[in-house]
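First the structure, in the form of structure tokens, and then the observations on it.
The values are calculated or read from the model by the stated rules, or taken from the named source; none is laboratory data. No experiment lies behind these values; they were computed from the predicted model shown. With ideal geometry, Cβ positions are generated from the backbone for all residues, glycine too; neighbour counts draw on all protein chains shown. Surface areas here come from the heavy atoms of the whole protein model, side chains and all, with no ligands, DNA or RNA. Shrake-Rupley method; radii C 1.70, N 1.55, O 1.52, S 1.80 Å.
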Amino acid sequence: MRFTSEHRLDDGVVEREFTLGEVPGILWTPASAPAPAPLILLGHPGGLRQMYPRLVGRARRCAAQGFAAATIELPGSGDRPRSAAAERARADLRRAVRAGEPVADEIVDRLVLPLVDRSVPEWRATLDALLALPEIGGPVGFAGGVISVGVRLAVVEPRIAAAVLFAGSYVPRAMVEEARQVTIPLLVLLQWDDEGNDRQQALDLFDAFGSQEKTLHANMGGHTGVPSHEGDDGDRFFVRHLT
């Protein structure tokens with residue numbers, strides 16, 4: 001891990017950009033907290049520059065609870081090389097949505113499964129590097145999307161103790177089967193009218209999770225209409241499970 005910049009935000013949170021191999025990322029650490037701080041990995045749909053305002057807002061909330069937060073750029077997003085196969089799958093998905101047709105399982109598989117296969121090892125390598133820093137410690141939480149990435153991480157990464165997952169993306173049926181292996185505490189957020197989400201598939205995924213403690217919060221509205229109080233609920237969830 002190589003840090004490429006460092007500055008302090010107006011609330012004292014330290015923000016550091018880094019690269020790990022070809023993967024860019026950002027680490028936020030609280031201004032004053034006992035070290036090492038618990039860590040929350042911030043998932044997102046890709047495009048660190050576009051997502052930065054939302055990500056830094058989430059990171060500030062984490063820091064206010066004494067948590068460090070970190071995120072990385074997804075494969076094929078931002079300045080990372082594009083995948084021709086993923087671009088074709090994305091175009092096919094958009095055509096189906098514009099035509100008002102059901103999105104075929106094979107389109108979802110072509111778009112999402114390669115992304116999960118590539119990004120999860122990168123998240124795990126990032127976690128290795130972050131936990132080697134003296135100011136970062138366990139336990140670790142995961143918050144955000146792409147939800148299929150969160151599902152795979154929860155299955156294969158024993159250092160993740162709890163997750164807040166955003167049901168805002170298409171989910172391959174194979175991931176529903178993987179979800180049965182998830183056992184950590186979960187809080188799942190579902191926007192009921194999300195135009196980019198298959199509601200029934202999100203409910204099926206939640207039903208499949210093997211966790212003994214799992215909670216679903218469904219709110220009216222589209223993809224970007226998550227109520228502000230869900231941030232408070234997420235804070236309390238992580239305070240309960242990571243401290």
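Using r as the Cβ-Cβ distance of ARG2 and ALA31, and R0 as 25 Å, what FRET efficiency do you calculate, to the nearest 0.05?
0.60
Treat every Asp and Glu Cβ in region 13-67 as -1 and every Lys and Arg Cβ as +1, leave all other atoms uncharged, and give the resulting dipole magnitude about the Cα centre to the nearest 20 debye.
240 debye
Which percent of the accessible area of region 1-108 is formed by carbon and sulfur heavy atoms (probe 1.4 angstrom)?
51 percent
Which order do peptides 128-139, 200-211 fall in by mean Cβ count within 10 Å, highest first?
On the way: 128-139: 15.0, 200-211: 17.5.
Top of the packing list down: 200-211, 128-139.
Let me check I have the definition right: for region 34-169, take the eigenvalues of the Cα gyration tensor, multiply each by 5, take square roots. What are those semi-axes in whole Å, largest first?
30, 15, 14
Of the candidates ALA86, ALA143, ALA154, which one comes out as most mobile in a Gaussian network treatment of the chain with C-alpha springs shorter than 10 Å?
ALA86
Running a GNM on the chain with Cα contacts under 10 Å, which residue among THR215, THR29, THR126 ends up with the highest mean-square fluctuation?
For the chain, modelled as a Gaussian network with Cα springs under 10 Å, the answer is THR215.
Taking the Cα centre as origin and putting +1 on Lys and Arg beta-carbons and -1 on Asp and Glu beta-carbons, what dipole magnitude results for the chain, to the nearest 20 debye? Provide the component values of the computation, followed by the final result.
Numbers: 26 positive and 32 negative charges, 59 e Å.
Charge dipole, the chain, about its Cα centre: 280 debye, nearest 20.
Charges on Cβ only, +1 for Lys and Arg, -1 for Asp and Glu, centred on the Cα centroid of the chain; of GLY210, LEU48, ILE107, which one is farthest towards the dipole's positive end?
LEU48
Would you please name the trypsin sites (Lys or Arg not before Pro) within region 66-159 that are DSSP coil residues with at most 11 other C-beta atoms within 10 Å of their C-beta?
Passing sites in region 66-159 are ARG82.
Provide GLU17, GLU73, GLU195, GLU178 ordered by accessible surface of protein heavy atoms (probe 1.4 Å), highest first.
The residues order as GLU195, GLU17, GLU178, GLU73, largest area first.
Determine the per residue accessible area of the chain with all protein chains present and a 1.4 angstrom probe, expressed in square angstrom.
It amounts to 46 Å² per residue over the chain.
Give the relative contact order (percent, whole number) for region 93-243; include only Cα pairs under 8 Å separated by 6+ residues.
Relative contact order here is 20 percent.
On the accessible surface of region 125-243, probed at 1.4 Å, how many percent belong to carbon and sulfur atoms?
On region 125-243, the fraction of accessible area on carbon and sulfur atoms equals 53 percent.
Assign unit charges at the C-beta atoms only (+1 for Lys and Arg, -1 for Asp and Glu), then state the dipole size of region 112-243 relative to its Cα centre in Debye, rounded to the nearest 20. Don't skip to the answer; put the middle values down first.
Values: 10 positive and 18 negative charges, 66 e Å.
Taking the Cα centre of region 112-243 as origin, the dipole is about 320 debye.
Need one word for the chain: rounded, prolate or oblate. Basis is the Cα gyration tensor (sqrt eigenvalues a ≥ b ≥ c); a/c below 1.5 gives rounded, then a/b vs b/c decides.
Working: a/c = 1.68, a/b = 1.37, b/c = 1.23.
It is prolate, given that a/c is not under 1.5 and a/b is the larger ratio.
Classify region 110-243 as rounded, prolate or oblate, taking a ≥ b ≥ c as the square roots of the eigenvalues of its Cα gyration tensor: rounded when a/c is under 1.5, otherwise prolate if a/b is larger than b/c and oblate if not.
oblate
Express the relative contact order of region 1-69 as a whole percentage, based on alpha carbon pairs under 8 Å and six or more residues apart in sequence.
Over region 1-69, the number comes to 29 percent.
What shape does region 1-85 have by the C-alpha gyration tensor, where a ≥ b ≥ c are the square roots of the eigenvalues, rounded means a/c under 1.5, and otherwise prolate means a/b greater than b/c and oblate the rest?
Working: a/c = 2.22, a/b = 1.90, b/c = 1.17.
Note, shape of region 1-85 comes out prolate.
At a threshold of 8 angstrom on Cα-Cα distance, excluding pairs fewer than six apart, so keeping six or more, what relative contact order does region 104-166 reach in percent?
Working: 51 pairs, mean separation 20.4, N = 63.
Once divided by the residue count of region 104-166, the mean separation gives 32 percent.
Post the alpha-carbon centroid distance, region 98-166 to region 191-243, in whole angstrom.
Each part's Cα centre sits 16 Å from the other's.
Apply the Karplus curve 6.51 cos²θ - 1.76 cosθ + 1.60, θ = phi - 60°, to the phi angles in region 11-24 and return the couplings in whole Hz, x for Gly and Pro.
Coupling constants for region 11-24: 9, x, 5, 8, 10, 10, 7, 8, 10, 10, x, 8, 9, x Hz.
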